[in-house]
1. Within the range 109-136, track down each residue that is in contact with an Asp or Glu (Cβ under 7 Å, 6 or more places away or on another chain) and surrounded by fewer than 16 Cβ atoms within 10 Å (Cβ to Cβ).
2. Could you list, ordered by first residue, the pairs with Cβ atoms under 6 Å in which the first is in the range 138-157 and under 18 Å from THR4 (Cβ atoms) and the second is among the hydroxyl-bearing types (Ser, Thr, Tyr) and not in a strand (DSSP E or B), at least 6 apart or interchain?
3. Provide a single number: the residues in the range 121-144 that are under 17 Å from LEU110 (Cβ atoms) and among the β-branched types (Val, Ile, Thr).
4. Given the criterion buried (at least 18 other Cβ atoms within 10 Å of the Cβ), assigned to a strand (DSSP E or B) and touching a His at 6+ places or on another chain (Cβ under 7 Å), identify the matching residue among LEU40, LEU74.
5. For the range 107-144, what are the residues that are closer than 20 Å to THR77 by Cα and touching a Ser or Thr at 6+ places or on another chain (Cβ under 9 Å)?
6. Determine which member of the set GLU118, GLU132, GLU85, GLU68 is more than 21 Å from the chain's Cα centre (by Cα) and not polar (S, T, N, Q).
7. Name the residues in the range 135-153 that are more than 19 Å from GLU68 (Cβ to Cβ) and within 15 Å of the chain's Cα centre (by Cα), would you?
8. Could you grab the pairs with beta carbons closer than 6 Å, sequence gap of 6+ or different chains, first residue in the range 78-96 and over 17 Å from GLU29 (Cα atoms), second one hydroxyl-bearing (Ser, Thr, Tyr) and surrounded by 11 or more Cβ atoms within 10 Å (Cβ to Cβ)?
Amino acid sequence: MQLTTIEISKENLTFSSAHFTLFSATDREDLHGHTFRVSLEATAAIQSNGLTFDYNILKVALKRLCDELDEKVLMPTKSPYLKIESDNNYTYILFASERIPFLERDLKLLPVRNITVEELAHYMVDRLLEQEEIRNQSLMKLVLKCASGAGQWANAEWSTTN
């Protein structure tokens, strides 16, 4: 069996989002933004027709994920340092003595502990694997990379042996 790794690294696989990193129950960064970049390596066996899998499925799914996060303020729902409340007008992020209001349309709550490239990489690979069309591709390994700037990448890895 021959294996190959396809790397998907397109210029449109980006999202611009605001966030703050949480360091403790009382210390956080100021709200700021990044243009995050995403790439994916997918490993599979080369089939008898010379193809590994339909990697257009991965390109479309990655672009859709980037679009969901684009132009949003990202907040973690699993942080031990934040609480989240809502009323008819706003969603409030409660941190230490702060009560920070956001319009629902501007906010994207993510099931992660912190908004960091390492958490975003794992979030995105998990979201990809939720899709039956991707699970049906006979993939052996995925390595999703997420960067918040040049030279600041984090990798999340999934394989059939995990």
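1. Matches in the range 109-136: none.
2. Listed by first residue and then by second, the contacts come to MET140/THR160.
3. 1
4. LEU74
5. LEU107, LYS108, LEU109, LEU110, PRO111, VAL112, ARG113, ASN114, ILE115, THR116, VAL117, LEU120
6. The unique qualifying residue is GLU85.
7. VAL143, GLY149, GLN152, TRP153
8. Every condition considered, the pairs that remain are GLU85/TYR92.
FYI, it's all coordinate maths here, none of it is from the lab. Because the structure is a prediction, the values reported are computed rather than measured. Here the Cβ is made from the backbone with ideal geometry for all residues, glycine too, and neighbour counts use every protein chain on show.
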